[in-house]
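See structure below.
The values are calculated or read from the model by the stated rules, or taken from the named source; none is laboratory data. Just so we're clear, the structure is a prediction, and the values are computed from it rather than from any experiment. Heads up: the accessible areas ignore ligands, DNA and RNA and are worked out on the full protein's heavy atoms, side chains in. Shrake-Rupley method; radii C 1.70, N 1.55, O 1.52, S 1.80 Å.
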Amino acid sequence: VPSIVEQIEFKDVGVEYVLVAEKNAIFDRLNEDEYWKKQKCLLMTTAGQAARGARRLLQRLSSELKLPIYCLTDADPYGWYIYSTMKYGSMALAHESDRLGSRDMKFLGMSISDIEHYDLRNVTIKAKDVDIKRAEEMKAYDWFKAPAWQREIDKFLEKKIKAEIQS
């Protein structure tokens, strides 16, 4: 995705939704399986924190084409934070949030509850101090104040585990 996407003219995109993968590993797997073809979706990766061009493209696809956008992330605070910057914008670029945030984006990533519900303990990783610090910071962010997010962050802080979605 180029850094400036204003010049892109949408014609017929021929898809029903956009699926954004936080990391290349899950993107590569879905691409290899031709998920995009079978499900008529635009498959995209941000390879970690999404660049401005990628965030602006997602916002345009959502607002101009009314395409639903779903985000796949790991079950960890960094994945959840990446989702939040695509949805709401970043603190560093708060003045650009209207142009860079896709407010209708839906979280389709992995949660700590998923680890419990699907008995995925054998694929978990011990959280690092930086993960714990990020989770503690996130508890205070406005966009993580929803009770469901607070429960997930609390579960993460209690269990101190995380999981990668490709596992």
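For the chain, give the share of DSSP beta bridges that are antiparallel, in percent and rounded to the nearest 5; count only bridges with both residues there.
Expressed as a percentage, antiparallel bridges in the chain total about 25.
Hey, what number do you get for the chain at 222 nm if only DSSP H runs of n ≥ 4 count, each worth -39500 (n - 2.57), divided across all residues, to the nearest 500? Mind showing how you got there, number by number?
Values: 8 runs with 73 residues, N = 167.
Calculated from helices alone, the mean residue ellipticity at 222 nm is -12500 deg cm²/dmol.
Could you provide, to the nearest whole Å², the per residue accessible area of the chain with probe 1.4 Å?
On a per-residue basis, the chain sits at 55 Å².
Below 25 Å, Cα to Cα, which lysines can LYS40 reach? Residues fewer than 8 away in the same chain don't count.
Output for LYS40: LYS11, LYS23, LYS66, LYS87, LYS106.
Could you state, as a whole-number percent, how many of the C-alpha pairs of segment 46-91 are farther apart than 13 Å?
The proportion of pairs with Cα distances above 13 Å equals 54 percent.
In whole percent, how big is the carbon plus sulfur part of the accessible area of the chain, probe 1.4 Å, protein atoms only?
For the chain, the apolar C and S fraction of the accessible surface comes to 51 percent.
State the label only: which of (i) 0.97; (ii) 0.95; (iii) 1.06 corresponds to Rg/Rh (Cα atoms, Kirkwood Rh) computed from the shown model?
Of the labelled values, this structure produces (i).
Taking amide H positions as placed 1.01 Å from N in the peptide plane, with prolines and chain starts having none, which residues 5 or more places from THR45, or on another chain, fall under 5 Å of its amide H?
Those qualifying (amide H under 5 Å, at least 5 residues apart or on another chain) are ALA21.
Please list 3J(HN,Hα) in residue order for segment 37-47, calculated via the Karplus relation 6.51 cos²θ - 1.76 cosθ + 1.60 where θ = phi - 60°; whole Hz, with x for glycine and proline.
For segment 37-47, the Karplus curve yields 6, 5, 9, 6, 10, 8, 9, 9, 10, 9, 6 Hz.
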